[in-house]
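J.: Pasting a structure here, questions to come.
The values are calculated or read from the model by the stated rules, or taken from the named source; none is laboratory data. Everything numeric in this text was worked out from a predicted model, so none of it was measured. Heads up, the Cβs are rebuilt from the backbone with ideal geometry, glycines too, and the neighbour counts pull from every protein chain shown. Only protein heavy atoms, including side chains, enter the accessible area calculation; ligands, DNA and RNA are left aside. Shrake-Rupley method; radii C 1.70, N 1.55, O 1.52, S 1.80 Å.
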Amino acid sequence: MLLPLGLWAQNIIVFDQQTGSPIADVVIYNQSKTVSTVTDKAGKADSKLFNVTEVVVFQHFTYYTIALSMHDLRKQHYKVGLNQKLIDLEEIVVSANSWEINKKEVPNKIEVIKRKDILFENPATAADMLDKSGMVFVQKSQLGGGSPMIRGFAANKILFVLDGVRMNNAIYRSGNLQNILQADVNSVKSTEIIFGSGTNIYGSDALGGVMDVHLKVPIQHNSKTWKISGQAMGRTASAAFEKTGHLTLNIANNKWALLTMITYSGFNDLRMGSNGNDFYLRPEYATVVNGKDSVIDNSNPLIQKYSGYSQFNATQKVRFNIDNLSSLNLNFYYSETSEVPRYDRLIQKKGDGLKYVQWYYKPQKWIMTDLQYINHKKTVLSDNYKAIVAYQHVTEGRNDRKFGNGWLRERIETVDAASLNVNVDKALDPHQFLYYGLESVYNYVSSTGHKNNRITGKKVPTATRYPDGGTHYFLGGAYLTYKNNFANNEFTFQAGIRASYSYLQSAFNDTSWYHLPYSTITLNNRAVTGNAGLIYHCNDWKISLNLSSGYRTPNLDDVAKVFDSEPGNVVVPNSGLKPEYLYNTDFTVEKSFQNKIRVEATVFYSYLHHAMVRRDFTLNGADSMMYDGEMSKIQAVVNAGYANIYGVSGVFSAQLNRFLAFNINANYIKGYDDEGLALRHVSPFFAHTSLRFEYEKIRMELTSVYNGEVSYANLAPSERDKTHLYAPDTKGNPYSPSWNTLNLKGSYAFNQTFLLTLGVENILDKRYRPYSSGITAPGINFIAALRVTF
């Protein structure tokens, strides 16, 4: 009599055998299928539903199914470890319409980076997470950076979304960005990458694609008793002597859940590889010796002097269940970097010497708080309803001082951003669905500038980066999408439309610096975009065709910025700038064979109309002006005629046996403007190959990463002028050589508490610099991380 009571007093806990992480939504049933239950977000289920003599089956669509007797379950202390399938054919995504949906029903190309793979890869930053996925090319101007390139677009032409909130703001520039680092990679639950412009829930900027990052969420328990759980992690890596510590703490009961996540990362100067082109070496650096600017020989040219930095991230989430169908979520985010050296500028030459002795980003601070209301109560207008109100405050700045010049120029920008998002879905019947919503975003930007004399301490005004009178920037939009899963379940049709409006007003209090012929800039723009997609999915086939349009309205950085874009050129405001529009076609064929082999190929073509690009320009009739002590050619962002971008991507995955899988994905993209010139943000051919072994608690993976060459003829004109970044070819012209690396990683889960991951990246210690990057890639890099779950 006591034995069954002992059994029934226990909760079943289901976890991933290779990470120790709980698995939600595991279906547990007896062999007769008369009794069943599902694990909650903590991976728990009630054992007392099952008879002591029964055999229980554990089933999840991404894990191998197993069956255990209740007797064996008791011997395992009611803890069940599952192994994930090597090839996942049933992915769920939320980025397509803000609600969970089977990936097979989405006409867009969407890739998912999962928490399990993030733990295994151990990326140092969110930019490295995207890079290590093998699906996105990432450029780096400095160690504290990382600018993704998607389908020929980057920076303010791709959209960054964090927990449902738009991160792109009025000063997201067209050059390379590092804002993706605001997302704490150690707190990321999953990331979805939408390729192309093909969804309606996102407005301006989503031309090349969308990076939709989801951080971990508070996990509630099924009792009134408060419970504490969490995870601590320590990681180190040799190439930049990374020192990272992370803590997650979850305190919850059945009504409330509080989640705290804190990360600190510190990086020394980065070491490059020892085998490769000597052009990338750092033979010397500029510094101050006895009060005088001096050039010092680098004792170890492999060390990229003045590239190190540190970063701190903190996230606090609070969830309150109003009832079983609705909840409130209050979230707070904080991110701050140290001073981040702009390495590509520190190696820039003027004549035979270094141009700058100092060039660094001031500590960037980002604060965001948002309130989310989620309701799953069915009404006439909705089945699911989500509203997000958010506020962000961003402070960033740039400091630079030229060699031999005593004046340090300091420019600081602040952005205050408020936003509202509402997303709703409604099932019209079992096959037809509506998704609709609205978005409203307001930014206020202030910009200041001054110069400090390092010798006398004198402080004087200097020209600001953006208009000194402040800028108001507003985006608004509403969308409607219709989806029909036809009754025979072989076809899905999806179509939608979005109407958008934007407004920008910027004021110049002092126009004497550049003698502008105006004191204010005002823009009003409207846009209507849409998409239509058809999907055939039957008998292990998925064939999809998607037609879509997107747009990007000029932001403050496009319209009114003054800065030096590259040596000898200065970019000035253009008050006549208009939006650019993208018309895109995607065609994807995907086939699986007996759940063992998966083949996917996607081709796309994009036509960019009124493309915003930098071109030679005149100001007050002059084509050159004195800027920062140098006569510079005047350029501005203008609407060019058009641009064509096209490409193909492919994926091949094969499960060789139950424990071994092979995977390769490759991407080829080309893009040219109406003058036949290469586009700056078209990445070279890149491919990622892996051989993965998984057995119970062990995972090992051997990978090879390859990047193709970008010849001088295929360099964008703006890149050809950056001779300090690119190695010379046989004719002395700058180009980006091809490169490849070999990497080995492994993990071992001792139990649900301890997870050890080890890795060696760039085993052959190759010296290379990815396309358009300013800093040379890490040399051989030994990585070790230990995670403790409690």
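J.: Can you give the local net charge around residue 468? Use residues other than it whose beta-carbon is closer than 13 angstrom to its beta-carbon, Lys and Arg +1, Asp and Glu -1. Show your work: numbers first, answer last.
T.: Working: positive: 411, 465, 561; negative: 413, 510.
Net charge in that neighbourhood comes out at +1.
J.: Right, here's the next one. Which order do 297, 510 take by accessible area at a 1.4 Å probe, largest first?
T.: Ranked list, largest accessible area first: 297, 510.
J.: Turning to a different aspect of this structure: For 357, 589, give the ranking by accessible area with the largest first, probe 1.4 Å. All intermediate terms of the calculation are to be shown ahead of the outcome.
T.: Numbers: 357 15, 589 45 Å².
Greatest to least solvent exposure: 589, 357.
J.: Sort 400, 616 by accessible area with a 1.4 Å probe, largest first. All intermediate terms of the calculation are to be shown ahead of the outcome.
T.: Values: 400 5, 616 100 Å².
Largest accessible area first, the list is 616, 400.
J.: For the range 681-784, what % of the accessible area comes from carbon and sulfur atoms, probe 1.4 Å? Present the calculation step by step, with values, prior to reporting the outcome.
T.: Numbers: 2560 of 4170 Å².
Here carbon and sulfur together make up 61 percent of the probe-accessible area.
J.: Using per-residue counts of other Cβ atoms within 10 Å, averaged over each peptide, order 210-220, 374-384 from highest down.
T.: Details: 210-220: 21.6, 374-384: 13.7.
Top of the packing list down: 210-220, 374-384.
J.: Okay, moving on. With all protein chains present, how much of the accessible area of the range 414-534 (probe radius 1.4 Å) comes from carbon and sulfur, to the nearest whole percent?
T.: Values: 3270 of 5510 Å².
So the carbon and sulfur contribution to the accessible surface is 59 percent.
J.: Related question: Which of the peptides 143-151, 729-737, 643-651 is most tightly packed, and how do the rest follow, judged by the mean count of other Cβ atoms within 10 Å per residue? Write out the running numbers ahead of the final one.
T.: Details: 143-151: 26.7, 729-737: 14.8, 643-651: 19.1.
Those peptides, ordered most packed to least, come out 143-151, 643-651, 729-737.
J.: I've got another one for you. Accessible surface of residue 256 in the full protein assembly, 1.4 angstrom probe, to the nearest 10 Å²?
T.: The value for residue 256 is about 110 Å².
J.: Quantify, in whole percent, the carbon and sulfur part of the accessible surface of the range 585-676 (1.4 Å probe; protein heavy atoms only). Intermediate values should be presented prior to the final figure.
T.: On the way: 2600 of 4420 Å².
Exposed carbon and sulfur together represent 59 percent of the surface.
J.: Would you please calculate the Kirkwood hydrodynamic radius of the chain over all C-alpha pairs and express it in Å, rounded to one decimal?
T.: 27.9
J.: Stretched out fully, how many nm does the piece from residue 497 to residue 102 gain, at 0.36 nm a residue minus the Cα gap? List each step's numbers first, then the result.
T.: Values: separation 395, 0.36 × 395 = 142.20 nm, distance 2.15 nm.
So the extension gain works out to 140.1 nm.
J.: To the nearest 10 square angstrom, what accessible area does residue 626 show with a 1.4 Å probe?
T.: Using a 1.4 Å probe on the heavy atoms, I get roughly 110 Å².
J.: Kirkwood hydrodynamic radius of the range 590-746 from all distinct Cα pairs, in Å?
T.: On the way: mean 1/r = 0.0517 Å⁻¹.
This gives a value of 19.3 Å.
J.: Send over the per residue convex hull volume for the range 96-144, Cα only, as a whole number of Å³.
T.: Numbers: hull volume 5.5 nm³, N = 49.
Taking the convex hull of the Cα positions in the range 96-144, it is 113 Å³ per residue.
J.: Mind jotting down the three principal axis lengths of the range 381-452 based on Cα atoms? Whole angstrom, largest first.
T.: Result, largest extent first: 73, 20, 11 Å.
J.: What number comes out for accessible area per residue over the chain if the probe is 1.4 Å? Units Å², please.
T.: Working: 31140 Å² over 790 residues.
Per-residue accessible area for the chain comes out at 39 Å².
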